[in-house]
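Participant: One structure is given below, represented as structure tokens, and several questions about it will come after.
Nothing in this text is a laboratory measurement; each read-out follows from the coordinates by a stated rule. Here the structure is a predicted model, which means the values were calculated and not measured. Every residue, glycine among them, receives a Cβ derived from its backbone with ideal geometry; neighbour counts consider all protein chains shown.
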Amino acid sequence: MMIQEFLKDQLKVKIYSTRREMGNSAAAMAAHCLRELLQHKDEVNIIFAAAASKLEFLEAIALEEDIAWSRVNAFHMHEYTGLPVGHPQRFGNLLNEKIFSKLPLKKVYYLNDSAENG
């Protein structure tokens, strides 16, 4: 349950009693935006952050219905450097486990932290 809502300058702030409620609310808002965008665009790109603070959101948005996930490209936002590809603490592996493997996404783009610079 949302306990408080207020404006700070132009930012709308919402405070929830639990992380689960906050994640569910954020997922519902993101799903609404995705549905709106998909009404006007052939495909949509979305970037996903990974961290423990995002788990409730990732779980909730993966359960949202009536989203044409096959028209959504997913991007992996950040990664640790130096961890082997299969390492369980890699953010790409977390995103794959929590959302990418659960949805019929059009394409998933993972960061390549071993690419040469320049």
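Participant: Give the label of the value calculated from the structure for Cα Rg over 2.2 N^0.38 Å, choosing from (i) 1.06; (ii) 1.12; (iii) 1.19.
Facilitator: (iii)
Participant: Tell me, which longest segment in the chain has none of the GluC sites (Glu not before Pro) that fall in DSSP loops with at most 14 further Cβ atoms within 10 Å?
Facilitator: 66-115
Participant: Let me ask you something else. If you average the C-alpha positions of the range 91-111 and of the range 38-77 separately, how far apart do those two centres end up, in angstrom?
Facilitator: When both Cα centres are located, 9 Å separates them.
Participant: Moving on to the next point. Taking amide hydrogens as modeled 1.01 Å from N in the peptide plane, which residues meet the under 5 Å criterion relative to Val44, leaving out close sequence neighbours?
Facilitator: Amide H neighbours of Val44, under 5 Å, 5+ apart: Val72, Asn73.
Participant: For Arg19 and His40, calculate 0.36 nm times their separation in residues minus their Cα-Cα distance, and state this gained length in nm to one decimal.
Facilitator: 4.4 nm
Participant: With +1 on each Lys and Arg Cβ and -1 on each Asp and Glu Cβ, how big is the dipole of the chain about its Cα centre, in debye rounded to the nearest 20?
Facilitator: 100 debye
Participant: Moving to a separate point now. By how many nm would the segment from Lys8 to Leu63 lengthen if fully extended, with 0.36 nm per residue of separation less the alpha-carbon distance?
Facilitator: 16.7 nm
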